[in-house]
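As structure tokens, the structure follows; a few thoughts come after it.
The values are calculated or read from the model by the stated rules, or taken from the named source; none is laboratory data. From a predicted model like this one, the values you see are computed outputs, not experimental measurements. Note: ideal-geometry Cβ built from the backbone for every residue, glycine included; neighbour counts use all protein chains shown.
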Amino acid sequence: MSSVFGKPRAGSGPQSAPLEVNLAILGRRGAGKSALTVKFLTKRFISEYDPNLEDTYSSEETVDHQPVHLRVMDTADLDTPRNCERYLNWAHAFLVVYGIDSRQSFDSSSSYLELLALHAKETQRSVPALLLGNKLDMAQYRQVTKAEGVALAGRFGCLFFEVSACLDFEHVQHVFHEAVREARRELEKSPLTRPLFISEERALPHQAPLTARHGLASCTFNTLSTVSLKEMPTVAQAKLVTVKSSRAQSKRKAPTLTLLKGFKIF
Ligand SMILES: Nc1nc2c(ncn2[C@@H]2O[C@H](COP(=O)(O)OP(=O)(O)OP(=O)(O)O)[C@@H](O)[C@H]2O)c(=O)[nH]1
């Protein structure tokens, strides 16, 4: 662990530009990705979402006294990873979510972790992942033990937490901030790395069998040398929708939630 955590960092005073961190939330449909994202952004639990809506939200955070411009991509894959390039080359860290009340979602989270491990191997770029067992409040319907979560996280060398989107905000916030810390650690190792996204989807002939072997045929990996890559549009270039949330304003430092693309919840 870096010695700077928990202390103001050199050059990280109020005037310095915030650290930019992109976080992608992955997991099977219904695991609670949107609920956790919204809880983190607004402190609220909202029970119904459009399951097909995939959005990227932006929030100003302070983590260990350091300002962080955090973008959170709440993905909407169906049951397995699909068109993964949109987040694989964009994110600085991943939250892989399953519901402790769903064995299927736990199995899916394992597929996501395998996907991330394969991608790290292919690109020689390690991106931290955190495994989250969500719906802790549903313990009476538990299908996945905590020990299984710990074991799966241990297999992939990632942090593990059990959380609930409808219980305390602080625990959810802690998990998101841990993801920022993990991302920051990697960024400090390779500060010149910038997030990239793939402008066209194209499977590499020599890579398809690798993903197919792991049951991830719908998800192709692309490496820097073979496809055209663009830098993610900056927030200034992207179409912005700013939604004011009175609750968010009153309780959080950031006066508004600045959202990329649409947001139907608030
Ligand atoms: N009891 C309980 N219900 C939750 C929790 N998190 C999410 N839910 C519920 O589980 C259902 C699915 O939650 P979503 O946040 O839509 O799940 P998702 O992973 O985003 O699913 P998609 O949007 O379909 O990809 C909703 O009915 C939520 O209200 C939780 O921590 N506890």
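Summary table
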item: Scope the stretch 71-90; condition away from the ligand (no atom under 16 Å from the Cβ) and modelled with pLDDT of 95 or more; matching residues; result: R71
item: Residues within the stretch 133-179 that are charged (D, E, K, R) and at positive phi, tallied; result: 1
item: Residue count, the stretch 151-173 (criterion: in a helix (DSSP H, G or I) and surrounded by 14 or more Cβ atoms within 10 Å (Cβ to Cβ)); result: 7
item: Complete set of residues in the stretch 116-137 that are within 16 Å of the ligand (Cβ to nearest atom) and in contact with a Ser or Thr (Cβ under 8 Å, 6 or more places away or on another chain); result: L131, N134, K135, L136, D137
item: Exclusive hit being touching a residue at least 24 places away in the same chain (Cβ under 8 Å), acidic (D, E) and out of contact with any Cys (no Cβ under 6 Å at 6 or more places or on another chain), set E170, E114; result: E114
